[in-house]
Structures are given as structure tokens and as C-alpha cells.
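I have placed the structure first, in the form of C-alpha cells, so that the comments after it can refer back to it.
The values are calculated or read from the model by the stated rules, or taken from the named source; none is laboratory data. These figures come from a predicted structure and were not determined experimentally. Counting neighbours? That spans all protein chains shown, and the Cβs are built from the backbone with ideal geometry, glycine included.
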Amino acid sequence: MEADILTSFEVEHYVRGLEEIDVREYASPKWNRQHEVIYKLNLQSHRNARAREDEYVKEAVVMNEKMRTLIYDLIVSEVWKANVLPLCHQEMFALSSVRSYMLIYHEGVVANLLEILLYHRTSCEEAGDYLIDVVDWAYRKLIKITQVNETAERLTGEMSRAEELEHQLKELEFSMGISSISIIRFISDHMEGMTLALVQHLVEQCDIFCVLVPLMEMKPWIRNKKGGKMIFEDQQWRVLRDEAKIPQVEAQIWLIIYNLFMNQDVRSKYELTSYRKNNILRIRKFLNEVVIDQIPVLSQLLRALEELSIVGDTTIQSGISAFVIQQLPELYQRISAGKNWREIAEYQKSNFLIENDETRKADMQLLMAGIEEILDDPICSVCSAPASKRCSKCKSQWYCSRKCQVSAWKTHKIVCESLSEEISKKETQNAKPKSKIEELD
């Protein structure tokens, strides 16, 4: 049985302390403390979900009305990466791999936590109007993964800090794109309780069908690599063992399409032009017996699509009144408004984007808190092939061969030394000295 990262009392205390931090203070000590809190809340929420236990993280967030705070934090991180990070590349290169990774990884941590929380209707309702900002964020991430080369390989061998940072950013964007699919799926599960503005934004402004259908054709969550076909599941690449089984990500897309297209209220608000009709009919080729056997409700979707195909090409008008005032996502604009990005970048370079032994130690301790949560079906950190060899010093990296381990040593060295030092200290602290009675025995 997995040990809890946080108790319910700690979760309640931490959640109450969550607050909106301005983008200017990103990477500040205050921001670092909140990052640590969100990181641990995310680990605990996933642990509870896996164990099917009381999800007290969700309860604390909803009861303390912190969904909007988390969504604000998500958009702040996106804004920082888009506007400040490009102005701080040299300072980021000077930081250790762990420190720089945590700064860009924060958006993914918040997205991962929201993915768990939005599974529940109460969380969606508590988010209120900010849910439109979540949908808009997810749409931007989905657009990015439709532009990714599905056969792209991870960088191998020796990388410069610039190449390493660029690689990390691409991998994180892909991971968040996959998370955004789950987020939209969970929101679509609760469409009956959602506002007209949210429905309109999802199907009209974002035109989610025109994003999901190309994704289903591309299948970027499956890649051909050295060790064979790999599939992206549970935030990591694994060996694809059963090609007949529908991947989790693909199943999520099917359920989004089913939830939206089979919802009469949503259909009435979706202006079905000839282009949109032809787009959505493209998914019929994937609806075979193997798929329907695994997701039986899709037989209804297939029937609805067959009926649509025999309808003429006349545009089916949406049922949205011309007098409805459109509600737009406003967080990104509000966070960005009136900001002097160069001034903010200089301020953060001088005050926050620096590193010392204390910050390095804190980063290592935080990273170690989540190591055991991700050690499942290990794969090589270089080529993604199934791995059987583990770094003997830090015990955090896996490799398929000595060759891959040697090629990765230059970039892994700094992290390895810091982690192994922390592990050694922890073992020393946990070692219980023998009592005098035991020595006499």
C-alpha cells in the first residue's frame, strides 16, 4: 500500500494558503513555496485516485473555493513561459537542470492536478466562469500537438544546455496536450450543468471537433522508436504491447466526441456547415467492431453519423440567438495587460534566477518526494526502450544498456550527484543507533 504524501489535515492547511501570485513574482521564494505545495497536492490527489480512496484534496479545494486560484496559476505559468522565459535563456542555462526544469514544469503540475479535480462535477461548478479559460488553454495545447511530428525521437547523446531546455519544453508541451484531452473529456461529461457561454466557446469558437478529428488521424501518442512502438500513457512513454486495445488517450477523444455530438443541446448550438460535416464524418472509418466492442456506446455515435451522411449539404443553423452576448476567456489578457516584459525579466534575473546550495538542496528534496510515484515499467531515459539497468548512485534514472548510460552521463551528472547526496543524508538520519542493551545482547 502506498504511503500518503500529505495527511488530510496538511492538505486543508496547504489549500487554504493558496493564493494568486502575480507573474512578476514568478520564481520568487513565495512562488517556490506555492509550487512545492501544488506539487505535493498533485502527487497526493493521484495517489488517492489510484487507490480509490477518499479524495480529500478535491474536497479541500472545492470547500475553500480554490479552483479559480489554481486556474489563475495555470495561466500565469503559460504567460511567463511565453513572454519572460525567452528573455532569460542565458540565466536559465546557468541554473542546474533540476532548477530550470521545475520552473518550466510548473504549468504541467497544475494541469495534472486540474485533470484529477475536473473529473468531479463539483469542481467544474466551483470553477465557474474560469472554466472558459481552462477550455481556451486546452485548445491552445491541442493545436500545438497537432503540429508535432509523430515520429520525432527524443534527443540522445550529449546535449548543450540550450538543446536540453528546448527538448524539455517540447516534451512538456506534448504532455500538457495529452492532459488537455482528459480535461476537456471531463468537462464534456458535465455539459448538462454548464453555461451556454461555455458550450458556445467549446463548439463554436474553439470548434473542438475540427481539432479532435485530425488528432485521431495523426495519433501522436504512438511513436516508432528504437525499442518498437511506444505509447504515451500516464505521463510517460511505454512499450505498446497490445495494438488491438484502444489507448487511454484515444478513448478519451472518442468519449469527448460522443458526449458533445450526442448531446442534443450541444448539437442545436453547433452550426453544421458543409466543411464541418465532412470533417466529423471522417471519423467513421475508425468506428469498427474492435472499437465498438471496447466502447459500446459508440454504436449510437456511428448510427448518428450514418444518418448525418445522408442529409444534404445545406447548412444546419445553430440554435444560438443572435442576441446572446459572447463571454470570452479573460485571464490571459488580464495577466498580460500593461506588463513590461523586459523590466520583469531583468527583475527576475537579479532576484530569483540565481542558485545556491540552499535552493539546490530544496529542489532535490522536492524532486525526491515524487520519485517513487513515477517508477513504473521503467524505460531508458535516452532511447525509451525497456530498461533493466538503474543508476547505482541516485537510483532515479533507468537505461537499457551501458552505451546509453555513458551517453547520458554529461547531462545526468549534476542531478545524480545532488540526488545521491540527499539519499545518503536521508539514510544516515534514518539509521537508528543501537542501544546499549542491544549491544550487550
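From the set of residues in segment 228-250 that are β-branched (Val, Ile, Thr) and either crowded, with 17+ Cβ neighbours inside 10 Å or modelled with pLDDT of 90 or more (or both), which is farthest from Phe174 (Cα to Cα)? Top of the filtered list is Ile246.
To keep it simple, each residue is scored yes or no on (1) touching a Ser or Thr at 6+ places or on another chain (Cβ under 9 Å); (2) at pLDDT below 95.
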residue	(1), (2)
Ala3	no, yes
Glu10	no, yes
Tyr39	no, yes
Arg68	no, no
Glu78	no, no
Gly108	yes, yes
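For segment 180-196, give me the residue count where each residue is part of a helix (DSSP H, G or I) and surrounded by 18 or more Cβ atoms within 10 Å (Cβ to Cβ). Looking only at that region, the number is 9.
Kindly establish whether Gln235 is polar (S, T, N, Q), at positive phi and under 21 Å from the mean Cα position of the chain (by Cα).
On the way: polar (S, T, N, Q): yes; at positive phi: yes; under 21 Å from the mean Cα position of the chain (by Cα): yes.
Taking the combined requirement at face value, the residue satisfies it.
Before we move on, is Phe9 free of Cβ contacts under 8 Å to residues at least 24 places away in the same chain, outside any loop (DSSP other than H, G, I, E, B) and either surrounded by fewer than 16 Cβ atoms within 10 Å (Cβ to Cβ) or under 17 Å from the mean Cα position of the chain (by Cα) (or both)? So Phe9 fits the description; yes. Exactly one residue among Ile344, Ile325, Ile335, Ile354 is farther than 22 Å from His46 by Cβ, of a type in the set (A, V, I, L, M, F, W, C), at pLDDT 75 or above and part of a loop (DSSP other than H, G, I, E, B), and that residue is Ile354.
Do we find that Arg68 is among the charged types (D, E, K, R) and either farther than 18 Å from Lys170 by Cα or touching a Gly at 6+ places or on another chain (Cβ under 8 Å) (or both) in this structure? When the stated conditions are applied, Arg68 passes them. In the set (1) at pLDDT 65 or above; (2) surrounded by 15 or more Cβ atoms within 10 Å (Cβ to Cβ); (3) not aromatic (Phe, Trp, Tyr); (4) not in a helix (DSSP H, G or I), the condition left unmet by Val311 is number (2). The number of residues in segment 328-355 that are closer than 26 Å to Gly128 by Cα and aliphatic (A, V, I, L, M) comes to 4. When you check Val98 against the structure, is it of a type outside the set (S, T, N, Q) and over 15 Å from Glu25 (Cα atoms), yes or no? When the stated conditions are applied, Val98 passes them.
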